[in-house]
Amino acid sequence: MVDPQIWRNEKFGSLPDAGRLLFIGIFSQADDDGRLKASPKFLKATIFPYDEDKTAEQVKKLRDQCADQGLIRVYTNGEVEYLDIPGWSEHQQIRKDRYNSSSLPSFDEADNQVATTGRPTVTQPTTNGIPNIVKSSIVKSSTDTPKGARKKRAEPIVNEIFADMRTYLGFPDKVKEDPIPSYGKEGQAIKRMLARGFTREEVTGCWKQKVDVRGGEFVSMTWVNEDIGKKGEKAGGKGGRVKGTRPAEDFRGRDW
């Protein structure tokens, strides 16, 4: 939800019209921890998909203006740009049964803070800052671990699988853009398979088979989760295919 007071907020009001629209787009697209990929190309494709007159360079300037006002913090991790909204966890109320832990690195894990032209992006907003008036319709407890949230012990395995996926798809040596379109969606599917008892090797092995069938194209872990079968039901045939999955040729031409 967008509180009506946002239009009287001085920091928000100091932005040009396109900058205000960008910031609204940022907090509407951010994950449940207030994080989002921050590359200008990604923000343009996500928030301005129909604005052919806007360039990635123009979006970068608008993004940096939001950071100059302390409305967002821009940082890098592994040479990838991310952003977060300061005070998100304090001011956002997320219902426990809807909370999904972020798969993106936090500001504290940043390799470097991206420099902008004005005030440092680490500046926290005051009680009159924008996070106070960017509201959510869902509720979160600041002390309880939300139901369905990623457990600490599962995080390394999920991140290792992500690393395997990126490497297998040629990132960053062969392809420059991160090939994983949604870490939140893919992470949830991976966690469901791990919760069912599958190992990292079984998950990545099944995924790689499907990628090979698709000629090296990205395959969503959501489909792997649907096709991998039940734990312990492995066929004895060639390749050790998990019972309940279809032969490789059945996936040809499927619209993932």
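Every number here is computed from the coordinates shown, using simple stated rules; none is lab data. Just so you know, these numbers come straight off a predicted model, no measurement behind them. We place every Cβ from the backbone using ideal geometry, glycine too, and count neighbours over all the protein chains shown.
A few points about this structure:
- Cα→Cβ-extended label distance, 7 Å offset, between Ala195 and Asp53, nm: 4.7 nm
- Cβ charges +1 (Lys, Arg) and -1 (Asp, Glu), total dipole of region 1-58, debye: 100 debye
- Nearest-0.05 FRET efficiency for Gln5 and Arg214, computed from C-beta distance (R0 45 Å): 0.40
- Segment Trp223..Val80, full-extension length gain: 48.8 nm, with 0.36 nm per residue of separation and the alpha-carbon distance subtracted.
- Gyration tensor (alpha-carbon) shape descriptor, region 156-236, a/c threshold 1.5: prolate
- Cα gyration tensor category, rounded, prolate or oblate, for region 1-60 with a/c compared to 1.5: oblate
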